[in-house]
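Coordinate-derived values only; no laboratory data. Quick caveat, the model's predicted, so the values are computed rather than measured. No Cβ is skipped: glycine too gets one built from the backbone with ideal geometry, and neighbour counts run over all protein chains shown.
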Amino acid sequence: MKKILIVSNEFYVTKRLEEQYAMFVRAFESRGYVVERRTNAELVYRLSEEGASFGRELPPVALMWDKDVPLAVALELAGVKVFNSARAIEVCDDKVLTHLALAKAGVSVPPTFVVPMSYANIGYGNTRFLDAVLDKTGLPVVFKKARSSYGMDVKLLRSREDVERLIRETREDMLLQTFVEESYGRDLRVNVIGDKAFCAVVRSSDGFCSNVVQGGRMTAATPDEQAEELAVAATRAVGADFAGVDLLFTKDGYTVCEVNTSAHFGTVKQVTGIDLSDGIAEYIDKSAY
């Protein structure tokens, strides 16, 4: 009997997420799986020299639809095959790590500069490093917190004063990125499963950020060969089995903006008719059993 554990977050619950979990349950049950759904708070574990113990038998496979990286590592230590892996989730949840992985793999990204690390209780006594950064990026420049979702902490800054203010206010990792003017207010989300582009949508808005949760619109799209190859290469670079890859439009084609290991896909199904939960379930079924 095939079994799978679906992991969600105990504390972040929305109607859209609940709908996605229900889609996953249906997709796996239709393939003969016994599905066990648990939140991260229900999966208490003990660490010792013997590894990680959950105090009970776990399914051999888990779909990790949460960003609780320590839990994903613990599940792997307990012998569970986790999709996506703990390392892939960690890399994609940190935009700095994402861009380092993409750069290492030679995947196209906008020129990106990591803001030098400081400490939360110290902050930035000076911002002299901005001279070198802004000389390369120019203004406006894109500001991003390393760990944020839905475009909530992505800003297009038009003055050095605004850049300095945000850097001084932000007590966490961040980066500055060259503004890709051709992609203002729009991007191409390519959903990759395995080594294939499964489906794609164009996200657009009247403002800078195209995220749907911030009022962006979504329309079905057919990615060309360059977009497909770039999205698959980005997914491989971060070590993911499946991902939503956001591509920016440039005068020469595309460049990678972000890679998401647990991207929302309810609206994708509405506009394309394609069910990503079914594709992910099929991939896991073939990979794990």
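Scanning for something of a type in the set (A, V, I, L, M), outside any strand (DSSP E or B) and touching a Ser or Thr at 6+ places or on another chain (Cβ under 6 Å), does region 239-256 turn up at least one residue? If you could, list the steps in order and put the result at the bottom.
First, the residues of region 239-256 that are of a type in the set (A, V, I, L, M): 240, 243, 245, 247-248, 256.
Restricting the remaining residues to those that are outside any strand (DSSP E or B) gives 240.
Still in the running and touching a Ser or Thr at 6+ places or on another chain (Cβ under 6 Å): 240.
Among the residues of region 239-256, at least one is of a type in the set (A, V, I, L, M), outside any strand (DSSP E or B) and touching a Ser or Thr at 6+ places or on another chain (Cβ under 6 Å), which makes the answer yes.
Tell me yes or no: at least one residue of region 157-172 is closer than 30 Å to residue 269 by Cβ and touching a residue at least 12 places away in the same chain (Cβ under 8 Å).
Here is the first cut: in region 157-172, the residues closer than 30 Å to residue 269 by Cβ are none.
No, that holds for no residue.
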Please specify each residue of region 38-72 satisfying the condition of being surrounded by 14 or more Cβ atoms within 10 Å (Cβ to Cβ), among the basic types (Lys, Arg) and not in a strand (DSSP E or B).
67
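Quick one: is residue 77 over 24 Å from residue 284 (Cβ atoms) and among the aliphatic types (A, V, I, L, M)?
Values: over 24 Å from residue 284 (Cβ atoms): no; among the aliphatic types (A, V, I, L, M): yes.
No; evaluated as a whole, the condition is false for this residue.
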Which of the residues that make up region 142-199 are β-branched (Val, Ile, Thr) and farther than 23 Å from residue 88 by Cα?
142, 163, 167, 170, 178, 180
Within region 3-14, does at least one residue satisfy the condition of being surrounded by fewer than 17 Cβ atoms within 10 Å (Cβ to Cβ), free of Cβ contacts under 8 Å to residues at least 40 places away in the same chain and among the acidic types (Asp, Glu)?
yes
Considering (1) within 25 Å of residue 89 (Cα to Cα); (2) in contact with a Leu (Cβ under 9 Å, 6 or more places away or on another chain); (3) surrounded by fewer than 22 Cβ atoms within 10 Å (Cβ to Cβ), say which one residue 274 fails and leave the rest.
(2)
So if I check each of 183, 205, which one is within 30 Å of residue 278 (Cα to Cα) and either of a type outside the set (Val, Ile, Thr) or over 24 Å from the mean Cα position of the chain (by Cα) (or both)?
205
Restricted to region 25-84 and to residues being acidic (Asp, Glu) and out of contact with any Leu (no Cβ under 8 Å at 6 or more places or on another chain), the residue nearest to residue 13 (Cα to Cα) is 66
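When you scan region 73-108, how many residues do you find that are part of a helix (DSSP H, G or I), within 20 Å of residue 36 (Cβ to Cβ) and of a type outside the set (A, V, I, L, M)? Before the answer, list the steps.
Kept after step one, since they are part of a helix (DSSP H, G or I), are these residues of region 73-108: 73-77, 86-92, 95-104.
From the residues that got through so far, the ones that are within 20 Å of residue 36 (Cβ to Cβ) too are 73-77, 86, 89.
Filter again for of a type outside the set (A, V, I, L, M), leaving 76.
So the answer is 1.
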